[in-house]
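See structure below.
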Amino acid sequence: MDENKVMIDARGVIKKFNIGKENELEILHGIDIRIMEGEFVSIVGTSGSGKSTLMNIIGLLDKPTEGSYILDDIDAIAAKDNELSHIRNRKIGFVFQNYNLIPRATSLNNVELPMLYAGVGLRERRARALELLEMVGMAERADHKPDELSGGQKQRVAIARALANDPSIILADEPTGALDSVTGQMIMDLFRKLNLERGITIVLITHSNELAEETDRILTLKDGNIIGERRGTGAQENVC
Amino acid sequence: MFVENFKIALSQLAASKLRTFLTALGIIIGLSSVIIIMTVGDAMNNMALESMGSMGANKFTLYVTEKPSDDGSVGNVRDWKESDKISNDMIDKTLEHFKGKIKGVSLKEEVTQTEITQGNKSAAVSLNGVNDIALEQEKLKLLAGNNITASDMKNSRSVALVSDRYVNKLYDGDWQAALGKQVEIVVNNKYYIYTIVGVYQAPMNDGFFGSGGNIDDMPSDIFVPVKTTERQSGGNSAFYNIDLIAETGADMEALTADVPQWINDTFYASNDAYMVEAYNMQSYVEEMTDMVNTIKLAFMAIAAISLLVGGIGVMNIMIVTITERTREIGTRKALGATNNSIRMQFITEAVVVCLMGGIVGVSLGVAAGYGITSFMKVPTFTSISGIVGCLLFSMSFGVLFGYLPANKAAKMNPIDALRYE
Ligand SMILES: Nc1ncnc2c1ncn2[C@@H]1O[C@H](COP(=O)(O)OP(=O)(O)OP(=O)(O)O)[C@@H](O)[C@H]1O
Ligand SMILES: [Mg+2]
């Protein structure tokens, strides 16, 4: 793996809401963020500091009001809707705090979904989805619908889904926020494994300092500015 | 992708069956009415054509009617007099004048309707005196025995043709057994006897369509020579109406206009109150078809409104669905769904609702149409192209009314959709 390749390169990112209206708000005030391929980075900060807003921009779900953003050598600002869909589909795996599994669809169908949008054939889709469910330890629950699963189980299905198209980046916004610490740790271990074994770049938002400490690098956000950056224990582990 | 969308749509709709049903109800009602209207309308038109066929396309009827008064009003004239009627003399002269165009008069006079009893068996009958032309018009299919001959007619013999239904009732369906047997019948307190010379096949509907009851209990026609019945009843010298049969190939429209014109000029010029008019079966059928088509159109308009309301219902429920599933739409977009695939997903869903409504509606329509027409005793079938047309129409309805909501879903901003509470 090329340790020096830049995966995420955002410069001077400003995000305003309700532009032109009375209640116009500037949430991000010119953020510079650079994440290398294979890094496992966490973003911490108080509630309302703009972590999710930043993550949505990184994940191409939202566009910055100002600034530049290059994702894996692609200019995300210039890209059209369809290109953005394509990049989200192939390069990014999302893990949300509230899981966002499709209700009424089985675990298997949920994991298949990104592959469906990528045009993967039924057989291959099925096989890969089962393999991924196996990997997260959810193979037995393949035919269960989300409302029949516990929070931790749902999150594992969501992670399997995030991995469906072999993404280069996983973006996880408080993936353990709704889980107890043991289950949270289990999810963390899974991320670390994916990061080490597959070289997937991971950006994690968390409110848990212990979990943040396990990552390579910790960015602290406050009122829309990055106010601090330090290395976590994960970085040392990596060096070993 | 289409297959997947179809599956998603099915599972989505299956998850809320009642709602799906209610959504499709407008379509169901609209389409079933369309099918019913088509079926019943066609059946009525067929019936009209059929009755023209059986009553004869070359027949036209002359009848005496009031002369319109000077101010154009009717209904305030004196009562009938014998001299107002169409006399035998007039008929003869008319036939003479239109020789080569008119074949003759068709005489069919119902003498009586009664019940004929033999031991514990009985049959309802209608006794009819017919002349040769009228008998020919009946186009009877003889099952056994012989027809009434010209000499029977000429010599006013007491011979009769009975229907197979009559034989079923009185002779257990044995046609041969019926031949040579007698029909004993009371008319005006006088007792008459006819000898059965032939058995004919009763037509499918004996002109009693729509009257419900069992056809076997309806009176069937017995035909005897008209001269015989005239001799018995003292005879008719003048008529309120007569049926004339044109020669094959004659211009019916022209005859229907020319004959009454000539008769009025010749015989009714000095009549102060009455004249004759004519109509032919063809114009009657045309009138009837026109009427049926007008009714059809009116009902179609109502059905169209019902469909429109149904379509708006589909649109409405699709908007609700999309609002309810905003987060799902956001998730799908995050996972890589393009705007187009979201649009297709919801259009497919609308099409599937409409198609299901279409299938149910068409089935109900076919069943109801069949029920109504078989009650009318008119053979019928719903046209396949009509059914296919309705199904295609319902699908296009789905596209039409699903497009707007689906497009709304497609254009959602992914993050707004994901954050939607
Ligand atoms: N669509 C929006 N319209 C208006 N304001 C918004 C919108 N999205 C976010 N905000 C505002 O931006 C600020 C930052 O929100 P954000 O969700 O990024 O915070 P966060 O750091 O993720 O907080 P938490 O830790 O609670 O998730 C908040 O004050 C929020 O009200
Ligand atoms: Mg947040």
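If packing is taken as the average number of other Cβ atoms within 10 Å across a peptide's residues, how do B:141-147, A:44-50 rank, most packed first?
On the way: B:141-147: 14.9, A:44-50: 16.7.
Ranking the peptides B:141-147, A:44-50 by packing returns A:44-50, B:141-147.
Which whole-percent values make up P(r) of region B:293-421 when all C-alpha to C-alpha distances are grouped in 10 Å steps starting at zero?
Distribution as computed: 12, 34, 25, 16, 9, 4, 0 percent.
Just checking the output field for B:413-419: average partner chain Cβ neighbours within 10 Å of each residue's Cβ?
Numbers: counts 4, 9, 9, 2, 1, 8, 4.
The mean count of partner-chain Cβ atoms within 10 Å per residue comes to 5.
What ³J(HN,Hα) values, in whole Hz, does the Karplus curve 6.51 cos²θ - 1.76 cosθ + 1.60 give for region A:145-161 when θ = phi - 60°, with x put for Gly and Pro?
8, x, 6, 9, 10, 7, x, x, 5, 4, 5, 5, 4, 4, 5, 4, 5
5 Å is the cut-off here: which amide hydrogens, built 1.01 Å from N in the peptide plane, fall below it relative to A:Val95, excluding neighbours closer than 5 in sequence?
Residues meeting the amide H criterion: A:Leu171, A:Ala172, A:Asp173.
Which of rounded, prolate or oblate describes region B:108-239 when judged by the alpha-carbon gyration tensor and an a/c cut-off of 1.5? All intermediate terms of the calculation are to be shown ahead of the outcome.
On the way: a/c = 1.35, a/b = 1.32, b/c = 1.03.
Since a/c stays below 1.5, the shape of region B:108-239 is classed as rounded.
In whole Hz and in residue order, list the ³J(HN,Hα) couplings for region A:49-59 that follow from phi through the Karplus curve 6.51 cos²θ - 1.76 cosθ + 1.60, θ = phi - 60°; x for Gly and Pro.
Once rounded to whole Hz, the list reads 6, x, 4, 5, 4, 5, 4, 5, 6, 4, x.
How large is the dipole of region B:332-421 about the Cα centre if only Lys and Arg carry +1 and Asp and Glu carry -1, each at its Cβ, rounded to the nearest 20 debye?
Numbers: 7 positive and 3 negative charges, 31 e Å.
Dipole of region B:332-421, to the nearest 20 debye: 160 debye.
Residue-wise, which Karplus ³J(HN,Hα) couplings in Hz belong to region B:139-149, taking 6.51 cos²θ - 1.76 cosθ + 1.60, θ = phi - 60°, and x for glycine or proline?
Here the 3J(HN,Hα) series is 6, 6, 9, 7, 9, 7, x, 10, 6, 6, 8 Hz.
Let me spell out the model: positive unit charges on the Cβ of Lys and Arg, negative unit charges on the Cβ of Asp and Glu, origin at the Cα centre of the protein assembly as shown. What dipole size does that give, in debye rounded to 20?
Details: 63 positive and 81 negative charges, 290 e Å.
Around 1400 debye, computed over the protein assembly as shown.
If you take every DSSP beta bridge whose two residues both sit in chain A, what share of them, in percent to the nearest 5, is antiparallel? Please report the intermediate quantities before stating the final value.
On the way: 22 of 40 bridges.
Around 55 percent antiparallel, to the nearest 5.
What does the structure give for B:2-15 when I average, per residue, the other chain Cβ atoms found within 10 Å of the residue Cβ?
Values: counts 0, 1, 7, 1, 0, 2, 6, 0, 0, 4, 3, 0, 1, 2.
Mean inter-chain Cβ contacts per residue within 10 Å come to 2.
Hey, fewest Cβ within 10 Å first, where do A:Glu140, B:Glu109, B:Glu421 land in order?
On the way: A:Glu140 10, B:Glu109 16, B:Glu421 4.
In order of increasing Cβ crowding within 10 Å: B:Glu421, A:Glu140, B:Glu109.
Sorting B:Val259, A:Val111 on the 10 Å Cβ count, fewest up front, what's the list? Walk me through the numbers before you get to the answer.
Details: B:Val259 22, A:Val111 30.
Least crowded to most crowded, the residues run B:Val259, A:Val111.
Before anything else, pin down the relative contact order of region B:108-239: Cα pairs under 8 Å, at least 6 apart, normalised by residue count, whole percent.
Details: 252 pairs, mean separation 45.9, N = 132.
Across region B:108-239, relative contact order equals 35 percent.
Just the ratio, please: alpha-carbon radius of gyration of chain A over 2.2 N^0.38 Å, N its number of residues. Before the final figure, lay out the partial values.
Details: Rg = 17.7 Å, N = 240, 2.2 N^0.38 = 17.7 Å.
So the Cα radius of gyration is 1.00 times the expected 2.2 N^0.38 Å.
Set the Förster distance to 25 Å, then compute FRET efficiency between A:Gln185 and A:Lys222 from the Cβ-Cβ distance, nearest 0.05.
On the way: r = 27 Å, r/R0 = 1.07.
Result of the calculation: an efficiency of 0.40.
Whose amide H sits under 5 Å from the amide H of B:Gly173, counting only residues 5 or more places off or on another chain, with H placed in the peptide plane?
B:Asn168
Search the structure for amide H atoms under 5 Å from the amide H of B:Lys103, placed 1.01 Å from N in the peptide plane, and list their residues when 5 or more places away or on another chain.
Here B:Ile245, B:Ala246, B:Glu247 satisfy the definition.
Checking the table A:Lys51/B:Lys411; A:Lys5/A:Lys91; A:Lys63/B:Lys333; B:Lys108/B:Lys377; B:Lys139/B:Lys296 against a 22 Å threshold on Cα-Cα, which pairs fail? If you can, show how the numbers build up before the last one.
Numbers: A:Lys51/B:Lys411 26 Å; A:Lys5/A:Lys91 15 Å; A:Lys63/B:Lys333 15 Å; B:Lys108/B:Lys377 25 Å; B:Lys139/B:Lys296 32 Å.
Those over the limit are A:Lys51/B:Lys411; B:Lys108/B:Lys377; B:Lys139/B:Lys296.
Relative contact order for chain A: what percent, with Cα pairs under 8 Å and sequence separation of 6 or more?
Details: 463 pairs, mean separation 62.4, N = 240.
Reported relative contact order: 26 percent.
Peptides A:150-163, A:79-92: what's the order by average Cβ count within 10 Å, highest mean first?
Details: A:150-163: 23.4, A:79-92: 18.6.
Sorting A:150-163, A:79-92 by mean packing, highest first, produces A:150-163, A:79-92.
Per residue of B:335-346, count partner chain C-beta atoms within 10 Å of its C-beta, then hand back the mean as an integer.
5
Classify the protein assembly as shown as rounded, prolate or oblate, taking a ≥ b ≥ c as the square roots of the eigenvalues of its Cα gyration tensor: rounded when a/c is under 1.5, otherwise prolate if a/b is larger than b/c and oblate if not. Mind dumping the intermediate values first?
Working: a/c = 5.39, a/b = 3.37, b/c = 1.60.
It comes out prolate by the Cα gyration axes.
Could you give the size of the charge dipole of chain B about its Cα centre, using +1 on the Cβ of each K and R and -1 on the Cβ of each D and E, expressed in debye and rounded to the nearest 20? Walk me through the numbers before you get to the answer.
Numbers: 34 positive and 44 negative charges, 477 e Å.
For chain B, the charge dipole is close to 2280 debye.
Which one of B:Val388, B:Leu404, B:Val40 has its Cα pushed farthest toward the positive end of the charge dipole of chain B, where Lys and Arg give +1 and Asp and Glu give -1 at the Cβ?
Of the candidates, B:Leu404 comes out farthest on the positive side.
Return an integer: the convex hull volume of the alpha-carbon atoms of chain B, in Å³ per residue.
Working: hull volume 95.0 nm³, N = 421.
Cα-based convex hull of chain B, divided per residue, equals 226 Å³.
Values quoted throughout were computed directly from the atomic coordinates according to the rules given, and no laboratory measurement underlies them. Remember, it's a predicted structure, so these values are computed and weren't measured experimentally. All Cβ positions, even for glycine, are placed from backbone atoms using ideal geometry, and neighbour counts span all protein chains on display.
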